[in-house]
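Here is the structure we will look at.
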Amino acid sequence: MITNFKKLQLVLIKRTLLFMMLLGSFACDSDSDKEAAINAVPISLEVERFDQEFYGGAASKIPDLKARYPFLFPVQYKDSVWIARQKDSLQLLLQQEVNKTFADTAALEKTLTHLFQHITYYFPNLPIPRVVTLTNNVDYQLKTVYTDSLLLISLDTFLGSKNPLYEGIPLYVKKELDPVYLPGQIVDKFGSYYLPQPEDRTFLAQLIYYGKKLYLQDLLLPHLEDYLKIGYTPSELDWAVDNELFIWQYFVEKQLLYTTHPEFQQRFLDPAPFSKFYLEIDQESPGGIGRWVGWQIVKSFAAQNPERSIQQVLQTPALELFNQSKYKPKR
């Protein structure tokens, strides 16, 4: 009897493994079919190098540039301001570095084409914006700007984290001033454009808002590493994964989920060198750890509700999404 029971166990295990392999195969086939459909989406995209036209052109070209790029020339400034900027030594040094890093736009256009194929596939009614590149005083608060008709990319904020021109910029900011973070930055701004900030000001609602924006990156940048999507280093992402249970227990035990106090936005959601638990582990943690937790909640909800479209996932109210996510941190 024991021998027969063991044989039965082996048969059941083999059948289970076969079933799981078949499921995995179907999922891979489905993903491959979807990617094939996305890659077939026709996209016509051109990157306009305003930065090179402005700093590489003569003062006499200013009127023509103002006519073609009126959104870059506030009316209160006279042409003399722009002419002086064309000759400014710091601006010319920045442009020189931009020209080295982005000698041509072939790679950037390929990346953007792939991105907008995904955006068009999931959001077919949204227009493809005009893409214009700038050099903008390394304003890392405005690395990219996304509207329904315009995508601005400040190339001088993606020269590489070790570029000597970034000396003096805090390390947690500087690490993201690298071309590898550019696609994620664009999708983050797309998320801000597509998803309005929730009226619900609870900490939970804010977690899930940022989680939805990161879930967008999973769909629109499926081949991008997770650490690049959230703006972490690989070791920072490892810390988040390893400490998921502790982070969640801290949020629950401190009763943070339903508080509306802005302190917790600053401690766990805003960009920072580290998250502020006010414990010894703070220096090891990456900033904005609440965004990562929100991401896991939204992914759990999407996995529990595979029949829902991306639009339905994004439109689900925070509390409903959380309750249906069955989120359980990994041990």
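The values are calculated or read from the model by the stated rules, or taken from the named source; none is laboratory data. Please read these numbers as outputs of a predicted model, since none were measured by experiment. Glycine also receives a Cβ, built like all others from the backbone with ideal geometry; neighbour counts cover every protein chain displayed.
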Among the residues that make up region 252-267, is at least one of them within 22 Å of PRO170 (Cα to Cα), within 13 Å of the chain's Cα centre (by Cα), in the same structural domain as ILE310 (by TED's automatic domain parsing) and not basic (Lys, Arg)?
no
In contact with a Phe, Trp or Tyr (Cβ under 7 Å, 6 or more places away or on another chain) and outside any loop (DSSP other than H, G, I, E, B) - does that describe any residue in region 123-132?
yes
Region 151-183, residues that are more than 21 Å from TYR193 (Cα to Cα), free of Cβ contacts under 8 Å to residues at least 40 places away in the same chain and not in a helix (DSSP H, G or I)
SER161, LYS162, GLU167, GLY168, ILE169, LEU177, ASP178
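Go through the residues of region 68-84 one by one and say whether even a single one is among the basic types (Lys, Arg), assigned by TED's automatic domain parsing to the domain that holds GLY184 and exposed (fewer than 11 other Cβ atoms within 10 Å of the Cβ).
The first filter runs over region 68-84 and keeps only residues among the basic types (Lys, Arg), leaving 68, 78.
Now narrow it down to the ones that are assigned by TED's automatic domain parsing to the domain that holds GLY184: 68, 78.
Cutting the leftovers down to exposed (fewer than 11 other Cβ atoms within 10 Å of the Cβ) gives us 78.
Yes; the residues of region 68-84 include at least one that is among the basic types (Lys, Arg), assigned by TED's automatic domain parsing to the domain that holds GLY184 and exposed (fewer than 11 other Cβ atoms within 10 Å of the Cβ).
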Quick check on region 226-244. Is at least one of its residues closer than 20 Å to ASP148 by Cβ and either among the polar types (S, T, N, Q) or part of a helix (DSSP H, G or I) (or both)?
no
Quick test for you: out of TYR172, TYR166, pick the one residue that is over 15 Å from the mean Cα position of the chain (by Cα), within 30 Å of PHE251 (Cβ to Cβ) and of a type in the set (Phe, Trp, Tyr).
TYR172
TYR121 versus (1) touching a Ser or Thr at 6+ places or on another chain (Cβ under 7 Å); (2) touching a residue at least 24 places away in the same chain (Cβ under 8 Å); (3) farther than 18 Å from PHE50 by Cβ: which is the lone unmet condition?
(1)
Test set (1) closer than 18 Å to TYR194 by Cβ; (2) at pLDDT below 95 - GLN315 fails condition number:
(2)
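Residue-wise test of (1) within 27 Å of LEU182 (Cα to Cα); (2) surrounded by 13 or more Cβ atoms within 10 Å (Cβ to Cβ); (3) aromatic (Phe, Trp, Tyr); (4) at pLDDT below 95.
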residue: GLU236; (1), (2), (3), (4): yes, yes, no, no
residue: LEU245; (1), (2), (3), (4): no, no, no, no
residue: SER275; (1), (2), (3), (4): yes, yes, no, no
residue: SER285; (1), (2), (3), (4): yes, yes, no, no
residue: ARG291; (1), (2), (3), (4): yes, yes, no, no
residue: PHE301; (1), (2), (3), (4): no, yes, yes, no
Filtering region 207-225 down to residues that are more than 9 Å from the chain's Cα centre (by Cα) and either outside the structural domain of PHE274 (by TED's automatic domain parsing) or not in a helix (DSSP H, G or I) (or both), which residue is surrounded by the most Cβ atoms within 10 Å (Cβ to Cβ)?
LEU224
